[in-house]
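Each value in this text was obtained by applying a stated rule to the coordinates, not by laboratory testing. Every value quoted in this text rests on a predicted model; they were computed, and no experiment measured them. No Cβ is skipped: glycine too gets one built from the backbone with ideal geometry, and neighbour counts run over all protein chains shown.
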Amino acid sequence: MGEAPYQVIAAELRRRIEAGELRPGERVPSTRALVRDFGVAMATATKALQVLQADRLVHASPGVGTVVGPPPRSRRTAAGPDDLPDLDRDEIVRMGIAIADAEGLAALSMRRIATELGVSTMALYRYVGGKDALVVQMVDAAIGEFPLREISGSWRDAVTAVARVHWAAYRRHLWLASAISLSRPQLVPRLLPHTDAVLRALRGFGKSAALSATISLFAYVRGIALVMESEAQAEQDTGVTADEWADRQGDQLAAMIAAGNLTAFQELLADGFDYDYDLDQLFEFGLAIFLDGLAARGRGV
């Protein structure tokens, strides 16, 4: 039997490292690049990198991605079970963010972080609790990269400022949107002031309306951000960009529109209409509509 696809990928990357084509400290191809280059699923690409990590040929570098070389220093010791390795909570959280940034939240595990840091898996629990608790701390640290400045002006200015801060955070950390729950919101210290800022800005609308508007705002921004994450996932899994996918669907879409006599679609696509699907522009457009609707509701109160 031949080698499994992940073994083939791992062997090729190992060859590049040993040949000096990939030097210590340089980024190795991301899971998305491996999906595209080798025509495999994301899980296969992720497993290939995990093989190299287990062999200490690569490691996750916070803010960079997966790079060539073992972790900066090994923390494995002969200490007894009651001794703690030279480790701190912030380092664990940063490593979790580095892994999630490079490979997505699905690639995150306590075992993976322990391997990267050179400690036992059980040692991590004494610093950050379980994986769920770690993810909350990762969310807190990621939001903390985007502090909410002093807001002055109208309620609209305040709501816009908070929405844009969240959008920037989601743009930097694609996993962040899926890590935050709106139905069972986690207690995230650095996120609470953002909620408080929106509630204060909207206090004139009444308590119930202010809270409903705050939840709706966060749901809108998070919902658009989830599109970014799902698109990155789809591209990793298929190796096909959104534009390439849309081009491939063109003929079939035109046939379905014609068969269904969908006149609005026909008018939209007439004369070679070309829509620029830009998520930043879509975010700003939707935010303006949200604010306009809220303003109209306020005037009717």
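Figure the gain on full extension for A296 and S120 (residue separation times 0.36 nm, minus the Cα-Cα span) and round it to one decimal in nm. Kindly include the intermediate steps, with their values, before the conclusion.
Working: separation 176, 0.36 × 176 = 63.36 nm, distance 5.71 nm.
My answer for the length gained is 57.6 nm.
How about the stretch 200-291: which trypsin sites (Lys or Arg not before Pro) there lie in a loop by DSSP and see at most 15 other Cβ atoms within 10 Å?
Sparse-neighbourhood loop trypsin sites (Lys or Arg not before Pro): none present.
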Across all Cα atoms of the chain, Rg and the largest Cα-Cα distance (Dmax), in Å, are 23.4, 74
Per the helix-only model, the chain has a calculated mean residue ellipticity at 222 nm (DSSP H runs of ≥4, -39500 (n - 2.57) each, divided over all residues, rounded to the nearest 500) of -20500 deg cm²/dmol
Output row, site A54, 7 Å Cα→C-beta label point, backbone N cut-off 18 Å, window the stretch 5-23, residues 5-15
Each label sits 7 Å from Cα toward the beta-carbon; between S208 and E91 the label points are separated, in nm, by 5.3
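Where a ≥ b ≥ c are the square roots of the eigenvalues of the C-alpha gyration tensor, would you call the stretch 76-191 rounded, which needs a/c under 1.5, or, failing that, prolate if a/b is larger than b/c, or oblate? Spell out each step's value before the answer.
On the way: a/c = 2.78, a/b = 2.38, b/c = 1.17.
Judged from the Cα gyration tensor, the stretch 76-191 comes out prolate (a/c at least 1.5, a/b above b/c).
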For the chain, the longest principal axis of the Cα atoms and the Cα long axis of helix 242-260 enclose an angle in degrees, to the nearest 10, of 40
Low-density loop chymotrypsin sites (Phe, Trp or Tyr not before Pro), the stretch 201-301, at most 14 other Cβ within 10 Å, DSSP non-H/G/I/E/B, are F273, Y275, Y277
Taking the alpha-carbon centre of each part, the distance from the stretch 138-205 to the stretch 240-259 in Å is 37
quick shape note, the stretch 211-301: Cα extents on principal axes in Å, largest first -> 48, 35, 20
